[in-house]
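Trainee: The structure follows.
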Amino acid sequence: MKKAKQLQIYKSKELNNSNFDNFTLNDYQVYINLIAKIGGVDNQGSYLPPETLKREHVLTAKEFSENFNTDLTYSYRAIKEAVNKLMKTDIKIKEAGGYVRINVCSKAEYKEKQGYITIKFTDDIMPYLAQVTEKFTLYNLKEVSQFKSIYSLRLYELLQDFKDTGYMILSIIKLRECFGIVDKLKLYADLKRKTFAHAVEEINATYKMNLKFEEIKEGRKVTSLRFTFNKTKIDKRYNNQTGKYTNEYTKPAVVTKSKKSATSDGVLDGQLSFEDSKQDNQHISSTLGKWL
């Protein structure tokens, strides 16, 4: 029996490091589930060019329930609430010399009886979702399906930009921006306990990453964090059919769950190894500035 294709998240590093302000975990899960519908590869294994990517996508409550292991009734409410959030939200993305604010979607529709939403992404956000060959973040949707905190999900996403190095240094200011809590949890002790310390625990409970953090201080004040973790193994493999080299990623293994756990074989299967095609002679142009 043929295995189902893994849904993958493709987005620019600029977008991955942007401020999602008041997104809840459910809002963000709906958002990335929709992003996972955008990308793909052709019959030769090459990424689809930006001009062929579709802007409008449908997400059903049933799909959401299956992808994030949630109750179906709960999923109906989650996608309905996300429609309003996505339509009203703009995202702040840092660029050279300043920042840009862009709307996520130009259309958001909820069909209550049918149990699905339709989202149309804006022209402005599409360049950040194109499958560019450099400076982009890639991971499987199933990798984050078990997280119960948006901070765990966001921290895991940020770590993907450094998966081949095994460490990431992030200023407290930048962490607040990426977590969407610039003006919240102003006491460092509260910030630590409720966001990144808890996120590290949850990620380590899910993957054998050996994720740790070290506080970097200026005087007595913590100004940055250094995260260390087991890095991803990357092997180059030649595809005889396409005549191209691909990168094969082997990420840290899933923590073994009890037999009664719903996150056993189904989550492990295919989520920790995937390929992203590298096209030597094709460079997809983008409108992105340098990542800060």
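Trainee: Is it the case that the stretch 109-132 has a residue that's in contact with a helix residue (DSSP H, G or I) (Cβ under 9 Å, 6 or more places away or on another chain), surrounded by fewer than 20 Cβ atoms within 10 Å (Cβ to Cβ) and of a type in the set (Lys, Arg)?
Mentor: No.
Trainee: Now a separate question. Taking the residues in the stretch 84-97 that are outside any strand (DSSP E or B) and in contact (Cβ under 8 Å) with a residue 40 or more places away in the chain as candidates, determine which candidate is nearest to residue 118 (Cα to Cα).
Mentor: Among them, the one singled out is 86.
Trainee: Residues of the stretch 214-238 being closer than 10 Å to residue 169 by Cα and touching a residue at least 24 places away in the same chain (Cβ under 8 Å), which ones?
Mentor: Correct list: 216, 224, 225, 226, 227, 228.
Trainee: Yes or no: the stretch 156-172 includes at least one residue that is in contact (Cβ under 8 Å) with a residue 40 or more places away in the chain, over 25 Å from residue 235 (Cβ atoms) and basic (Lys, Arg).
Mentor: The answer is no; no qualifying residue exists.
Trainee: Which residue is modelled with the lowest pLDDT, if the candidates are limited to the stretch 224-255 and must be β-branched (Val, Ile, Thr) and within 25 Å of the chain's Cα centre (by Cα)?
Mentor: 246
Trainee: On to the next question. Please go through (1) under 30 Å from residue 173 (Cα atoms); (2) buried (at least 20 other Cβ atoms within 10 Å of the Cβ); (3) modelled with pLDDT under 90 for residue 33 and return the number of the only condition it doesn't satisfy.
Mentor: (3)
Trainee: Looking at 26, 43, can you tell me which residue is modelled with pLDDT under 90 and either farther than 24 Å from residue 114 by Cβ or part of a helix (DSSP H, G or I) (or both)?
Mentor: On inspection, the qualifying residue turns out to be 43.
Trainee: Please specify each residue of the stretch 211-235 satisfying the condition of being closer than 18 Å to residue 160 by Cα and out of contact with any Pro (no Cβ under 8 Å at 6 or more places or on another chain).
Mentor: 211, 212, 213, 225, 226, 227, 228, 231, 233, 234, 235
Trainee: Shifting gears a bit: Need a quick list: helices (runs of 4 or more DSSP H) entirely within the stretch 107-199 having at least 1 residues that are under 22 Å from residue 90 (Cβ atoms).
Mentor: In the stretch 107-199, 126-129, 150-160, 172-179 are the helices (runs of 4 or more DSSP H) which contain 1 or more residues that are under 22 Å from residue 90 (Cβ atoms).
Trainee: Is there any pair linking a residue in the stretch 8-32 that is under 20 Å from residue 79 (Cβ atoms) to one that is acidic (Asp, Glu) and surrounded by fewer than 20 Cβ atoms within 10 Å (Cβ to Cβ), with Cβ under 7 Å and at least six apart or on different chains, and which?
Mentor: 26/81
Trainee: So, one more: Can you find, within the stretch 169-188, the residue that is nearest to residue 21 (Cα to Cα) among those that are among the aliphatic types (A, V, I, L, M) and out of contact with any helix residue (DSSP H, G or I) (no Cβ under 6 Å at 6 or more places or on another chain)?
Mentor: Going through the qualifying residues, I end up with 181.
Trainee: Scan the stretch 211-247 residue by residue and report those that are assigned to a strand (DSSP E or B), among the charged types (D, E, K, R) and surrounded by 14 or more Cβ atoms within 10 Å (Cβ to Cβ).
Mentor: 244
The values are calculated or read from the model by the stated rules, or taken from the named source; none is laboratory data. Since this is a predicted model, take the numbers as computed values, not measurements. Ideal geometry is used to build each Cβ from the backbone, glycine not excepted, and the neighbour counts take in all protein chains shown.
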